[in-house]
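Below is one structure, written out as structure tokens; the observations come after it.
We did not get these values from a lab; they are worked out from the coordinates using the rules stated. Remember, it's a predicted structure, so these values are computed and weren't measured experimentally. Note that we place each Cβ from the backbone using ideal geometry, even for glycine, and neighbour counts take in every protein chain shown.
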Amino acid sequence: MARLLVVRNLDPRTFLEEIAERCRSDPECGSIQLYLGIVKRIREGMHVEKLLVEPRSEDLEYLRRFVEENCLGIDCVTVVREGELAPGEPLLLIAIAARTRREALESLARILEEMKRVMAGWKREFVSM
């Protein structure tokens, strides 16, 4: 099972508990990998005041298929925030439960790199000196 969710608020604990429960319920599960990306405070020497994230529906459909096709594990949850975010706030969460560490890490790397590539067009940073 693999899911891509877009949310306004993100509490990573909710999704970690969910993926941990999914792993506990599968006797073959041997690894959970978690990635949590946050809004940077400083980028290229500039102070980030806020980040505006505006996902495009056509990108979301593509990413949903990509996550489903590239989840090698038992369960994958990918959550991206939308709206106005402050520095230090969570932006992207990827949680993967898998049979092996290799499956989990490979899924995580594939999904993360594609999310970052596509999301680059959604983000607008507001910076100051």
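How big is the gap, in Å, between the Cα center of region 14-76 and the Cα center of region 85-129?
Rounded to whole Å, the Cα centres lie 6 Å apart.
Averaged over all directions, how much area does the convex hull of the C-alpha atoms of region 2-128 cover when projected, in nm²?
7.4 nm²
Taking the Cα centre as origin and putting +1 on Lys and Arg beta-carbons and -1 on Asp and Glu beta-carbons, what dipole magnitude results for the chain, to the nearest 20 debye?
So the magnitude is around 300 debye.
Do the sum for the chain: with -39,500 (n - 2.57) for every DSSP H run of n ≥ 4, divided by all residues, what is the mean residue ellipticity at 222 nm, to the nearest 500 deg cm²/dmol?
One gets -11500 deg cm²/dmol as the mean residue ellipticity at 222 nm.
Using +1 at the C-beta of Lys and Arg and -1 at the C-beta of Asp and Glu, which of Ala98, Met46, Val7 has the Cα lying farthest in the positive direction of the dipole of region 2-128?
Checking the options against the dipole of region 2-128, the answer is Met46.
Taking H as built 1.01 Å from N, whose amide H comes closer than 5 Å to the amide H of Val7, not counting residues under 5 places away?
Those lying under 5 Å, H to H, from Val7 are Val80, Arg81, Glu82.
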